[in-house]
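Notes follow the structure.
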Amino acid sequence: MLGKLKRVLVIVGSVAAMSMWACTEEEPTIGLQFINEASFELASWDTLTMKMSTVMLDSFVTSSASRLLAGSYIDSDFGMVNPCPYFRFTANVSHKDEDPDLLKYNYTVLRLYYDGYYLNDTTQFQTLRVFELAEEMEQENDDGDTQLYNTSEFSIKYENGIDSPLGELTFIPHPTKSIDGGSGYIEIELPDRLGKQIFDITYNDDLEEYPDFTDIIHGFKIESDENNTAILGFTTAVEFRINYTDYAAIPYQEKELTFTVEGTNDYFNHVEADKENTLTQSIIESDNDLPSDQSDNMVYLMAGARMALRIELPYLREILYDNPAIAIDEVLLSLRPMIDRYKNGNKKMPGTLQGTIVDKDNEAISTSTFTAYLYEDDEFDRDTQYLVDINDFVQLQLGILEENENALLFVPSTNSFTESMDNLVIADSNNDEFNTYIMLNLIKIKNE
């Protein structure tokens, strides 16, 4: 349960501090003012017992995200992963002073711009379908909150008893095109009845009212085919583009009438993860948790789907009670990913994880944050790990007299948690392949 106390080095007056990864000639400073000229030694615990579990967090706002997510794929750990973007165009459809007799409507498309984000296999054909919303894209909670969440959703229009899409596109994505200097977008053609209606309102003098765009179309939802293999990121600058020909110009000109998404509440990402037949299928609501010993000694994190890693240190106090003549120097946490999941190149590990101190209900109780950085072992893989100093958490726990269930909660970095589907599988301290562990570095005073 508790690790064996290890003697590392004994020195009087001058100390060469040692850690797990490197040596340094600097003297440790924490607690030295209490030691004076006494003999002391460095000691460490490397098998401190942790209680690790996967938890489901409450829903979170996605209407202020800077990315739309579309696509789906089947993941062996997380099931069917499926984000669906919703958006609307709230601009006024106002008259333009041009001769409608010299203008010819051609076609209408939705244009979505890649933002460079993708997850899983983008070498296969993907299919996206556009649906028209049957209701206004507005939501107000009991507290007056009108923001839109990852769990928000709105009904779509049905024709002839089926959910018939307005348009669809099957394509091989090139999500880094915009970064590489390419065109960087996809276009999905829409029915002429929609584009022609807005075109006539804009250019026909005989119409007396020029309504808001949402008076004609409440909004749109994009769904993906169940055979898709990737999640794609698009900017929030979605465009409703009407192409027409202007014969007033000589020679005639091809022109476009463009409407854009304007406000943060005009779009959001709805996210679903069907976990059936996975180890995480028991995690349904935000008050559920899945201990690592019930999931093959692994824990799971997934942005968008609200899955996070919770770590408790239930036996921390016993070390200090059993060893009163010690001072804590550093507490390093090594989180070890199940690296075999990421060897094929389609799945990427998040570059950082963000940690906070929470209570038994996973509510934050401190402003302290912890960033765990990924260190990759490109040669052997065995030492790939996320490293973070959690000394602030340990000190907080030692300062609380009563028993509690406070913990560290880790998610993919804050932005990616609301704007991506990044995910990670972490081994617990008893995993047969990899072992997450804590190195508790101490200064122990010798009584000579």
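The values are calculated or read from the model by the stated rules, or taken from the named source; none is laboratory data. All values derive from a computational prediction rather than experimental measurement. We place every Cβ from the backbone using ideal geometry, glycine too, and count neighbours over all the protein chains shown.
The table that follows gives values for the structure above.
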| read-out | value |
| --- | --- |
| Residue check, Tyr210 hydroxyl-bearing (Ser, Thr, Tyr) and modelled with pLDDT under 85 | yes |
| Any hit, segment 127-148, residues being touching a strand residue (DSSP E or B) at 6+ places or on another chain (Cβ under 7 Å), of a type outside the set (D, E, K, R), assigned by TED's automatic domain parsing to the domain that holds Asn269 and exposed (fewer than 13 other Cβ atoms within 10 Å of the Cβ) | no |
| Positions within segment 253-274 being in a loop (DSSP other than H, G, I, E, B) and of a type in the set (Asp, Glu), in sequence order | Glu262 |
| Selection status of Tyr252, in contact with a Leu (Cβ under 7 Å, 6 or more places away or on another chain) and either not basic (Lys, Arg) or not assigned by TED's automatic domain parsing to the domain that holds Asp432 (or both) | no |
| When residues of segment 237-293 are limited to those that are hydrophobic (A, V, I, L, M, F, W, C) and free of Cβ contacts under 8 Å to residues at least 24 places away in the same chain, the one nearest to Asp101 (Cα to Cα) | Ala249 |
| Within segment 380-391, tally of residues that are in a strand (DSSP E or B) and not aromatic (Phe, Trp, Tyr) | 4 |
| Selection status of Asp378, modelled with pLDDT under 90, surrounded by fewer than 18 Cβ atoms within 10 Å (Cβ to Cβ) and of a type outside the set (Lys, Arg) | yes |
| Subset tally (residues that are among the β-branched types (Val, Ile, Thr), in a strand (DSSP E or B) and over 24 Å from the mean Cα position of the chain (by Cα)) for segment 93-129 | 2 |
| Residue, surrounded by the fewest Cβ atoms within 10 Å (Cβ to Cβ), within segment 96-106, restricted to residues that are more than 12 Å from Ile198 (Cβ to Cβ) and of a type outside the set (A, V, I, L, M) | Asp97 |
| Among the residues listed as Asp389, Asp340, Asp359, the single one being of a type in the set (Asp, Glu) and closer than 20 Å to Met298 by Cβ | Asp340 |
| Counted residues, segment 238-278 - those being loosely packed, with under 14 Cβ neighbours inside 10 Å and of a type in the set (Val, Ile, Thr) | 2 |
| Among (1) outside the structural domain of Ser420 (by TED's automatic domain parsing); (2) at pLDDT below 95; (3) among the polar types (S, T, N, Q), the one test that Asn243 misses | (2) |
| Of all residues making up segment 337-350, the number that are in contact with a helix residue (DSSP H, G or I) (Cβ under 9 Å, 6 or more places away or on another chain) and surrounded by fewer than 16 Cβ atoms within 10 Å (Cβ to Cβ) | 1 |
| Flag for Ser63 being outside the structural domain of Thr176 (by TED's automatic domain parsing) and in a loop (DSSP other than H, G, I, E, B) | yes |
| Residues being more than 24 Å from Phe268 (Cβ to Cβ) and outside any strand (DSSP E or B) - total across segment 403-426 | 4 |
| Candidate set: segment 324-343, residues that are of a type outside the set (Phe, Trp, Tyr) and out of contact with any strand residue (DSSP E or B) (no Cβ under 7 Å at 6 or more places or on another chain); chosen: the one farthest from Gln397 (Cα to Cα) | Lys343 |
| Residue within segment 130-139 that is farther than 22 Å from Ser63 by Cβ, at pLDDT 90 or above and part of a strand (DSSP E or B) present | no |
| Extreme residue, farthest from the chain's Cα centre (by Cα), among residues of segment 337-348 that are part of a loop (DSSP other than H, G, I, E, B) and among the basic types (Lys, Arg) | Lys343 |
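Okay, residues lined up against (1) within 19 Å of the chain's Cα centre (by Cα); (2) outside the structural domain of Tyr117 (by TED's automatic domain parsing); (3) part of a helix (DSSP H, G or I):
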| residue | (1), (2), (3) |
| --- | --- |
| Tyr300 | yes, yes, no |
| Arg310 | yes, yes, no |
| Leu320 | no, yes, yes |
| Asp329 | no, yes, no |
| Leu332 | no, yes, no |
| Leu335 | yes, yes, no |
| Pro350 | yes, yes, no |
| Leu353 | yes, yes, no |
| Asp378 | no, yes, no |
